[in-house]
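Enquirer: Sharing a structure here in structure tokens format.
The values are calculated or read from the model by the stated rules, or taken from the named source; none is laboratory data. Remember, predicted model here, so these are calculated numbers, not experimental data. No Cβ is skipped: glycine too gets one built from the backbone with ideal geometry, and neighbour counts run over all protein chains shown.
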Amino acid sequence: MAQYLGFRCSMCETEYSPTSIIYTCPKCGGNLDVLLDTNQIRTKYQVEDITSRSDYSLWRYLPLLPVADPGGAGTPLRSAGWTPLYEPPELAKELGLGRLWVKDEGRNPTASFKDRASSVVVARAREINAEVVVTASTGNAGAALAGMSAAVGQRSVIFAPKTAPQAKIAQLLVYGSQVILVDGNYDSAFDLTIEAASEFGWYCRNTGYNPFTAEGKKTAALEIWEQIILPGQAEHLLNVFVSVGDGNIISGFHKGFKDLMELGWLRQMPRLFGIQSDKSAAVANAFFAGNEEIVPITATTIADSISVDLPRDGVRAVRAARQTGGAYLTVSDEEIIAAIADLGKAGIFAEPAGSTAYAGLKKALRDGIVDPADPVVVINTGNGLKDVRAAMASVSPAPVIEPTMQALKKYLGI
Ligand SMILES: Cc1ncc(COP(=O)(O)O)c(C=O)c1O
Ligand SMILES: [Zn+2]
């Protein structure tokens, strides 16, 4: 466990002690950053102490995490993170890129990026002896919390929109969580969760509300540092493409790279590119407007995981792109669906919110926003099996034929 000094509000900069169990800033409602004691970490550890660890999961970064070791050896909680990093040659060629990696977060235990946040929050829940952990979710955060909780016998309650894809709802139920579907959207589930948590004393994991989620998510940045940057694989500045809903994943990436810079373990900050659907673009709108004002919209995108009216981590998400020399891009739902098929041809199965990042990269190259000479890593945040309906929309249906050679030849035109 890393020593941490407490929390600092990302808006008004008020600092809070580490012992207070708080979510957002009580003064202004801003998101809180966890303040690591980087001086102490630097005196205690060298880079090799981290990279030589034999734990191939996000827990290899325990010295940089503000939670104690949660135990749970041999369980899914212990195996989140350290996801595969593919370098698909055909996709790089097609896009004219020198180097292209896809980090496949769909390979996490519950098949999405959200396992990173949920396992760290479950670790925190155990530290504070929380009886129940609750979250609102478009599906993945809930599945992750349900799965990570089940792994160590933690009780969890999940609120999700009744329209969430069936596979995600199935995961929640199979992991044995108490599942409550709301007749409303993600935003309404979010508000209900906060009220319920406060009234019943439940520990709330809500994205962009609980400061520990970004700490879990930052471990993906630490992996990119270890898998790409440290071995000297990225000769130029690295461009990182990630989809954005509430904005907590991109904020987590930013936090991870910032922690490394502060430790003196990273020389150049990679550029962060946030991609949203043009039907759910509240963060991108603020970026384009040149301010940090997150104006709620009515989100309608097919990419359910990033369909958010009021992004709860919007300000830090805008800063993640702005302060790193990155940008925001919006893509259409058609482009998102087409990108599922693109990634599929490289053997990578993405749900719509995952392929969104790849669709954004295609657009950035088309618009000349990134230099093809610069290395790129695209984050596939969720597995395609999460949303089979969207996957089927990306391809032509298979023919059905009589099981005879004659019918086959007729179909093949031979
Ligand atoms: C697959 C997937 N991609 C992207 C996101 C967006 O993450 P955030 O809401 O932190 O921006 C989510 C969030 O649920 C997700 O499940
Ligand atoms: Zn504040």
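Enquirer: Looking at the range 192-209, is at least one residue under 22 Å from residue 103 (Cα atoms) and in a loop (DSSP other than H, G, I, E, B)?
Expert: yes
Enquirer: Do you know which residues across the range 327-360 are acidic (Asp, Glu) and within 21 Å of residue 167 (Cα to Cα)?
Expert: Keep residues of the range 327-360 that are acidic (Asp, Glu), which gives 333-335, 342, 351.
Correct list: 333, 351.
Enquirer: Examine the range 15-33 for a residue that is touching a helix residue (DSSP H, G or I) at 6+ places or on another chain (Cβ under 7 Å), within 16 Å of ligand 2 (Cβ to nearest atom) and hydrophobic (A, V, I, L, M, F, W, C), and state whether such a residue exists.
Expert: no
Enquirer: Still on this model: Considering only residues of the range 210-246 that are among the acidic types (Asp, Glu) and part of a helix (DSSP H, G or I), which is nearest to residue 64 (Cα to Cα)?
Expert: Filtering the range 210-246 down to residues among the acidic types (Asp, Glu) leaves 215, 223, 226, 235, 246.
Then drop every residue that is not part of a helix (DSSP H, G or I), which leaves 215, 223, 226.
Values: 215: 9, 223: 12, 226: 14 Å.
Only one residue fits best here, namely 215.
Enquirer: Right, here's the next one. Write out, first by first residue and then by second, each pair whose Cβ atoms fall under 7 Å of each other, whose residues are 6+ apart or on separate chains, and whose first residue, in the range 231-257, is among the hydroxyl-bearing types (Ser, Thr, Tyr) while the second is within 12 Å of ligand 1 (Cβ to nearest atom) and in a loop (DSSP other than H, G, I, E, B).
Expert: Correct list of pairs: 243/381; 251/313.
Enquirer: Let me ask something additional. Suppose the filter is of a type outside the set (A, V, I, L, M), assigned to a loop (DSSP other than H, G, I, E, B) and within 17 Å of residue 381 (Cα to Cα); does residue 301 pass it? If you could, list the steps in order and put the result at the bottom.
Expert: Values: of a type outside the set (A, V, I, L, M): yes; assigned to a loop (DSSP other than H, G, I, E, B): yes; within 17 Å of residue 381 (Cα to Cα): yes.
So residue 301 passes the test.
Enquirer: Right, next: I'd like the residue in the range 304-335 that is among the acidic types (Asp, Glu) and more than 16 Å from ligand 2 (Cβ to nearest atom) and, out of all such residues, is nearest to residue 189 (Cα to Cα).
Expert: 309
Enquirer: Pull out all pairs, ordered by first then second residue, where Cβ-Cβ is under 6 Å, the residues are six or more apart or on different chains, the first lies in the range 24-38 and is touching a residue at least 12 places away in the same chain (Cβ under 8 Å) and among the charged types (D, E, K, R), and the second is away from ligand 1 (no atom under 16 Å from the Cβ) and in a loop (DSSP other than H, G, I, E, B).
Expert: Short answer, once both residue conditions are applied: 27/12; 27/14; 37/3.
Enquirer: Against the condition at pLDDT 95 or above and in a helix (DSSP H, G or I), how does residue 364 come out, does it pass?
Expert: Details: at pLDDT 95 or above: yes; in a helix (DSSP H, G or I): yes.
Yes.
Enquirer: A follow-up question, please. How about the range 1-111: which helices (runs of 4 or more DSSP H) wholly inside it have at least 1 residues that are within 30 Å of residue 146 (Cα to Cα)? Steps first, please.
Expert: Details: elements: 38-44, 47-51, 89-95.
Correct list: 47-51.
Enquirer: Of everything in the range 330-357, what is of a type in the set (Ser, Thr, Tyr) and either outside any helix (DSSP H, G or I) or more than 20 Å from the chain's Cα centre (by Cα) (or both)? Give them in sequence order.
Expert: Hits for the range 330-357 are 330, 332.
Enquirer: Step by step: first the residues of the range 128-158, then only those that are more than 11 Å from residue 172 (Cα to Cα), among the small types (Gly, Ala, Ser) and over 20 Å from the mean Cα position of the chain (by Cα), then the one that is nearest to ligand 1 (Cβ to nearest atom). Which residue is that?
Expert: Residue satisfying both the conditions and the ranking: 151.
Enquirer: Just for the range 128-159: of the residues that are assigned to a helix (DSSP H, G or I) and polar (S, T, N, Q), which one is nearest to ligand 2 (Cβ to nearest atom)?
Expert: Initially, the range 128-159 is screened for residues assigned to a helix (DSSP H, G or I), giving 140-152.
Now restrict to residues that are polar (S, T, N, Q): 140, 149.
Values: 140: 28, 149: 30 Å.
Within the range 128-159, the match that is nearest to ligand 2 (Cβ to nearest atom) is 140.
Enquirer: A further question follows. Tell me, please, whether a residue that is over 24 Å from residue 47 (Cα atoms), among the acidic types (Asp, Glu) and more than 14 Å from the chain's Cα centre (by Cα) can be found in the range 253-266.
Expert: Here is the first cut: in the range 253-266, the ones over 24 Å from residue 47 (Cα atoms) are none.
No, every residue in the range 253-266 fails to be over 24 Å from residue 47 (Cα atoms), among the acidic types (Asp, Glu) and more than 14 Å from the chain's Cα centre (by Cα).
Enquirer: Follow-up. Hey, can you tell me all the residues within the range 66-93 that are in contact (Cβ under 8 Å) with a residue 40 or more places away in the chain and over 26 Å from residue 175 (Cα atoms)?
Expert: Matches in the range 66-93: 66, 85, 86, 88, 90, 91.
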